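See below for the structure under consideration.
The values are calculated or read from the model by the stated rules, or taken from the named source; none is laboratory data. All of these numbers come straight from a predicted model, not from anything done at the bench. Reconstructed Cβ throughout: ideal geometry from the backbone, glycine too, with neighbour counts over all protein chains shown. Remember, those area values only see protein heavy atoms, side chains included, never the ligands or the DNA or RNA. Shrake-Rupley method; radii C 1.70, N 1.55, O 1.52, S 1.80 Å.
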Amino acid sequence: MLKATRSLAAAVAAAAILVSAFTLPKASAATDSGASRHGREPHADPQRLAVPEADVRMPLPADSTRLEARAEGHAVLLRGCLPTPRCNTFTVWGFSDTYSWVPRTFPGDGAANILDENNTAKPAYGTLRQTLTLAAGRY
């Protein structure tokens, strides 16, 4: 449970970095989530913001506690984007863990996408769907 709490804390910290990075005039720095790497390209429209390539990695093996914490990490990123008038795009890096870049780049980490290797929805999928459903018509 302590590791899951740390993972959630890291996701919240990454979301805070993303939100603050998107409001700065300079290009954002990369974070562990990978989402801010391309958030403010030099050619990007300064009137629009995006969360591209969102993923939340975790130590393997995946278990239900880590998957739930990871789902909340995705939700924090989406909830940071939704009420921001200039945030017009939220994109996950990929759908299936089959093609994830995370295990090759961060040995021992993985499960960063919203579907597993068998294309079965993980808790992050349901959390993102629920967040979007609840937000419909609000923003």
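Please find, within segment 50-74, the residue that is farthest from Gly108 (Cα to Cα) out of those that are touching a Leu at 6+ places or on another chain (Cβ under 7 Å) and not in a helix (DSSP H, G or I). The residue in question is Val51. The single condition among (1) surrounded by fewer than 16 Cβ atoms within 10 Å (Cβ to Cβ); (2) within 21 Å of Ala50 (Cα to Cα); (3) free of Cβ contacts under 8 Å to residues at least 60 places away in the same chain that Thr84 does not meet is (3). Looking only at residues in segment 123-139 that are among the polar types (S, T, N, Q) and open to solvent by less than 70 Å² (accessible area, probe 1.4 Å), the one that is modelled with the highest pLDDT is Thr127. Which count do you get for residues in segment 90-117 that are within 21 Å of Thr65 (Cβ to Cβ) and outside any helix (DSSP H, G or I)? Selection size over segment 90-117: 12.
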